[in-house]
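Colleague: My structure is below; once you've seen it, I'll send some questions.
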Amino acid sequence: MSAPATAPTFWKRFWEKGGWWRALLLTAVYFILFQLLSLLLTPLAVQIEEPASAAGIAVFYVLPELLGAIVLTAFTLSVGWWRQLFARQPITGRGWMWIAIVVVLLFNILRFATIDYGKAGFDVVLTWLLAGLLIGFTEEVLTRGLVVNLMRKAGYREIVVAVISATLFAALHAGNLLNGQPLLATAFQIVYTFAFGILMYLALRVTGTIIAPILLHASTDPSIFLQTAYPAEGALTGIAGLGNIAVIAAAAVLIFFIRGRVGEAQPSFSEERSA
C-alpha cells in the first residue's frame, strides 16, 4: 500500500498560483537579498586596488553571482520547480525565433574575435568567463525561468509573459544607479536589457530549454566587458561595437510576432502574420 500524498505547504501553494505580482515580488526580494549578501564581501572589496583585475572581477562579479545562484537554487528546490525550469518547455517555438539566437550569437563571436587578449591577460579572460556563466545562470533562472513559470501558471498569453519577464530583467539593471552609474547610461542599459530579455525569451521558446538563454547570456557579458576594456585594432572592432543596437532593433521587430498561450494550439507562421 503506497503512502498517502503529502499535501503541499502554504509556501508551495502560494507560488503555484503564479501571477505578475508574485513575479514582481520574487524579483524585488531577490534584488534586495542580492544587494545585502554583496555587502558581506565589503571587507574583500576594500582591499581590491584594481577592479579590472582578475581578483577584482572575482570579488565584484563572481562571488556575488555565486551567492545569488545559491539563493535561486534554494528557492527553486523549495517550491519543487527544478524539473519544470530545466525540462522541455510546455510551448514550442517558431522558425523565425532563431533570428534572436543568430543576432546575439553573431555579435558575441564578433566581440570575442576583436579582443586584445595579450593586453587583457589569461587570468582576466578566464575570470570573466566564469563570471559570465554565473551571471547567465542567475539572471536567466530568475527571469526566463521562475518569472516565466509564474506568469504561465496564471494563464497569461505568451506576449505578456515575454514582456513582463523582460521588464523585470531590465528593472534589475536599474539598480546600477545605486553603484554610481550615470542616469543616461543606465537609461540606455534598461532599453538594451529589455530588448535582450525579449531575445532570450525567444531563445527559450525556439530551443525548448532554458539552457540556451543561459549559455547565450553567459557569452554576452564577458564579450561586452572584455571587448570594451581591451579592444583590438581593426575595422571589425567597430562592427562588433554595434551589437547592442542590433539587439534593440531585432527585439523591436520580433516582439510583434509573439503569439500563443501554454495549453492552446499554436497558429502557423502565416496565421501569426495575419493575426
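Each value in this text was obtained by applying a stated rule to the coordinates, not by laboratory testing. Everything quoted here is computed from the prediction, not taken from an experiment. So basically every Cβ, Gly included, is an ideal-geometry build from the backbone, and we count neighbours across all protein chains shown.
Colleague: Among residues belonging to the stretch 180-222 that are among the polar types (S, T, N, Q) and not in a helix (DSSP H, G or I), point out the one that is surrounded by the fewest Cβ atoms within 10 Å (Cβ to Cβ).
Modeller: Q181
Colleague: Pick from A170, A131: which is buried (at least 22 other Cβ atoms within 10 Å of the Cβ) and of a type outside the set (S, T, Y)?
Modeller: Of A170, A131, the one residue that is buried (at least 22 other Cβ atoms within 10 Å of the Cβ) and of a type outside the set (S, T, Y) is A131.
Colleague: Where in the stretch 1-120 are the helices (runs of 4 or more DSSP H), entirely inside, with at least 1 residues that are charged (D, E, K, R) and under 21 Å from the mean Cα position of the chain (by Cα)?
Modeller: Passing ranges, in order: 20-39, 63-78, 82-86, 98-113.
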